[in-house]
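Asks: Below you'll find the structure I mean.
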Amino acid sequence: MRIEADEAKCVAAGQCVVVAPDVFDQRNDDGIVVVLEEMPDPRQHDAVREAAAICPAAAIRLVGE
């Protein structure tokens, strides 16, 4: 699995960070998503899937799913 985040779509809700804090963060200045682990460990896949599913802007895309 590879993670792509569309910064233009991101609304800085931060739900991804709450669900998968080892994989996602937010920029300090505007809260836009930052992907910390573009290719997360398989043990993190469930949390990453949940983060993508609950993103209110659908700004997280999972490639190879």
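Asks: Just checking, how many residues over segment 15-55 are assigned to a helix (DSSP H, G or I) and either out of contact with any helix residue (DSSP H, G or I) (no Cβ under 6 Å at 6 or more places or on another chain) or among the acidic types (Asp, Glu) (or both)?
Replies: Of the residues in segment 15-55, the ones assigned to a helix (DSSP H, G or I) are 15-19, 42-54.
Pick out the ones that are also either out of contact with any helix residue (DSSP H, G or I) (no Cβ under 6 Å at 6 or more places or on another chain) or among the acidic types (Asp, Glu) (or both) and you get 17-18, 42-46, 48-50, 52-53.
The number of residues fulfilling the criteria is 12.
Asks: Please determine, by comparing only the residues of segment 21-50 that are hydrophobic (A, V, I, L, M, F, W, C) and farther than 17 Å from Gly64 by Cβ, which one is surrounded by the fewest Cβ atoms within 10 Å (Cβ to Cβ). Don't jump to the end; show me each part of the working.
Replies: So in segment 21-50, the residues hydrophobic (A, V, I, L, M, F, W, C) come out as 23-24, 32-36, 39, 47-48.
Now narrow it down to the ones that are farther than 17 Å from Gly64 by Cβ: 24, 32-34, 36.
Numbers: Phe24: 25, Ile32: 16, Val33: 27, Val34: 16, Leu36: 14.
It comes out as Leu36.
Asks: State all residues of segment 16-65 that are charged (D, E, K, R) and in contact with a Pro (Cβ under 9 Å, 6 or more places away or on another chain); if no residue qualifies, say none.
Replies: Applying the first criterion (charged (D, E, K, R)) to segment 16-65 yields 22, 25, 27, 29-30, 37-38, 41, 43, 46, 49-50, 61, 65.
Once the filter is applied, which keeps residues that are charged (D, E, K, R) and in contact with a Pro (Cβ under 9 Å, 6 or more places away or on another chain), segment 16-65 yields only Asp22.
Laboratory data are not the source of any read-out in this text; all were calculated from the coordinates shown. Quantities reported herein were computed from a predicted structural model and do not represent experimental measurements. Reconstructed Cβ throughout: ideal geometry from the backbone, glycine too, with neighbour counts over all protein chains shown.
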